[in-house]
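Here's the structure we're looking at; comments come further down.
All of the numbers you see were taken from the coordinates with simple rules; none came from a lab. All values reported here derive from a predicted model rather than from experimental measurement. Here the Cβ positions follow ideal geometry from the backbone for every residue, glycine too, while neighbour counts run over all protein chains shown.
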Amino acid sequence: MSPDVDVLIAGGGPIGLASAIEARLLGLSVAVFEPRTGPIDKACGEGLMPGAVAALARLGVFPRGHVIEGISYHQRAHHAEHRFRRGAGLGVRRTELHDALTERCTELGVEWVRQRLDSYEQTSDDVVAGGVRASWLLGCDGLHSKTRRLAGLERQQTRPAGGSRRYGYRRHFELEPWSDLVEVHWGDEVEAYVTPVADTLVGVAILGPGGVDFDTAIAGIPALANRLSGARPGSPLRAAGPLRQGSRRRTVGRVLLVGDAAGYVDALTGEGIRVGLAQAEAVVAAIHAGTPRAYERTWERATRDFRTLTTGLVALAHSPLRNSIVPISGAVPRVFGAVVERLAR
């Protein structure tokens with residue numbers, strides 16, 4: 001029996017939609033399982049690195065946002081800054097990114113199944129879920145991926161060395177951005193990411209242990225608290241986590257994991273979307289070429305820098321050297337710049 005579609009995608013977030021676009025651009029038929037309608041929001045930093053902007057453009061996706069020229073670190077009197085050498089980044093509301101990706105999917109004829117993928121069955125020839133038969137199933141359903149659990153690929157995660165599990169919190173503030181950089185403010189226990197996302201809107205994301213009080217965390221970073229003083233909240237507080245998730249591998253039969261579902265370290269380096277887009281490109285290319293097993297190798301290559309640099313930085317953030325990160329970054333600007341450029345590709 002021939003499949004209803006070539007590719008079935010579990011999850012209609014950015015990486016699921018990017019995977020759908022990749023597949024349609026190669027002539028594959030696609031259905032996306034996603035029960036939610038309208039733009040989907042999520043607690044995230046909302047800063048797209050230059051490489052992510054270029055990757056979206058290749059897909060024909062051009063979200064509106066605020067130009068980002070680089071990254072800066074701040075901690076009390078210490079400061080480190082690097083401006084991107086090759087192209088600018090973009091601060092984009094998660095809802096705006098979702099709208100732009102959805103519009104492109106609609107243009108390309110992606111089908112929608114308005115339900116959650118709760119189970120599936122696979123044979124050597126196909127995968128069936130929710131009455132839809134497909135040649136391949138892509139699990140793009142995020143940090144707490146049900147596809148990963150159903151596939152038996154969940155891996156028990158250990159706590160970061162010397163620390164607790166980390167979570168992300170985000171709220172927007174209605175005020176004009178004061179910088180064209182993503183600012184990372186290092187507090188005693190948390191990091192605060194400030195991203196301009198529109199001419200009159202700034203996003204602030206907090207990374208830290210569970211149970212962090214957002215307002216208390218901001219108050220503990222006086223330079224940032226002064227900037228936000230009197231500003232009206234522009235969105236409700238959102239949270240996500242724990243951030244660290246793992247998978248034993250990325251494929252089992254005709255099921256392949258993509259994006260956060262395939263494993264995630266931390267948001268500290270701010271390149272989650274870029275890495276997810278690279279995975280989407282790799283998995284669809286492998287399927288189209290008839291070499292799905294090659295995806296495991298390309299996944300390793302596509303995520304190596306992210307996993308290595310992020311793991312190292314998180315370990316430093318939980319070590320006695322935490323308060324040395326920004327002073328050292330400012331003292332060796334060429335090294336700081338090289339790391340930023342590596343992540344910005």
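Arg249 to Arg83: extension gain in nm, 0.36 nm per residue of separation minus the Cα-Cα distance?
56.2 nm
Can you give the local net charge around Leu108? Use residues other than it whose beta-carbon is closer than 12 angstrom to its beta-carbon, Lys and Arg +1, Asp and Glu -1.
Local net charge: -2.
Can you tally the net charge around Gly270? Count Lys and Arg as +1, Asp and Glu as -1, for every other residue whose Cβ sits under 11 Å from the Cβ of Gly270.
Here the count lands on -3.
Taking amide H positions as placed in the peptide plane 1.01 Å from N, state which residues far from Ile68 in sequence (5 or more) or on other chains have amide H under 5 Å from it.
Gly89, Leu90, Gly91
In deg cm²/dmol, rounded to 500, what helix-only [θ] at 222 nm does the chain give when every DSSP H run of at least 4 residues adds -39500 (n - 2.57) and the total is split over its residues?
Using -39500 (n - 2.57) per qualifying helix, the result is -10000 deg cm²/dmol.
Distance between Cα centroids, region 101-161 to region 223-239: provide it in whole Å.
35 Å
In sequence order, what are the phi-derived ³J(HN,Hα) couplings for region 208-215 according to the Karplus relation 6.51 cos²θ - 1.76 cosθ + 1.60 with θ = phi - 60°, rounded to whole Hz, with x for glycine and proline?
Once rounded to whole Hz, the list reads x, x, x, x, 5, 8, 4, 5.
Rounded to whole Å and sorted largest first, what semi-axes of the equivalent ellipsoid does the C-alpha gyration tensor of region 176-299 yield via the square root of 5 times each eigenvalue?
37, 16, 11
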